[in-house]
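The values are calculated or read from the model by the stated rules, or taken from the named source; none is laboratory data. Since the model is a prediction, treat every value here as computed from it, not as a measurement. Using ideal geometry, Cβ is built from the backbone for each residue, glycine included, and neighbour counts are taken over all protein chains shown. Please note that ligands, DNA and RNA were not included when accessible areas were found on the heavy atoms of the full protein model with its side chains. Shrake-Rupley method; radii C 1.70, N 1.55, O 1.52, S 1.80 Å.
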Amino acid sequence: MTAFKSLSSSNTICRAAWGRRARAFVLVSFPFALFGCGSATPPGADAVPTSASGPNDPAWVTNRPKLPPPDADRINYDEQTRTLTLYDLPGNDRWMVRMPGEMSGRAITPQHRLPADTELSQVMVYYARPGVKPSAPVSVKQIRDSGNAHSSLAGFR
């Protein structure tokens, strides 16, 4: 019985020491947990965003005046039918077109036909993300010119 009592009393001492250590650990680690240590923050105004990552930018990117322009190489313009063929946008982004003389653009479908006598350098295409700034626009002339620059598939047309 004596051995059992001494084992029991040393166990009580260990529990008391463990309780003091646990309280000390909580008291020391609580300020670090409260204020964080080295947590990542969004880039500030001094960070230079890359223009290559526009359509998938997170909503907290607010340090630029507009979202990056759409990729003109991925948009097609058919001069015979005067039709813009736009690529799919992520999320709730919408394609917009601003015609000459208009102050703001209007939403369009991925297949959009332009009026016959429209100056292509004055027609602007961009995308808008709800709750965020719109992208920088590109003209239909830029889209047409970027499509003509790729002559590698000209023999297959």
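Computed values, structure above
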read-out	value
Total residues in segment 90-121, condition under 21 Å from D71 (Cβ atoms), part of a loop (DSSP other than H, G, I, E, B) and open to solvent by less than 50 Å² (accessible area, probe 1.4 Å)	7
Filter result for T62 (among the hydroxyl-bearing types (S, T, Y), in a loop (DSSP other than H, G, I, E, B), open to solvent by 30 Å² or more (accessible area, probe 1.4 Å) and at pLDDT 90 or above)	no
Selected residue [at pLDDT 60 or above and either in a helix (DSSP H, G or I) or farther than 30 Å from D145 by Cβ (or both)] from F30, F4	F30
Candidates V140, V132, V97, V125, filtered to the one that is at pLDDT below 90 and among the β-branched types (V, I, T)	V132
Any hit, segment 67-89, residues being among the acidic types (D, E) and crowded, with 17+ Cβ neighbours inside 10 Å	no
Residue within segment 37-57 that is part of a loop (DSSP other than H, G, I, E, B), open to solvent by less than 80 Å² (accessible area, probe 1.4 Å) and modelled with pLDDT of 80 or more present	no
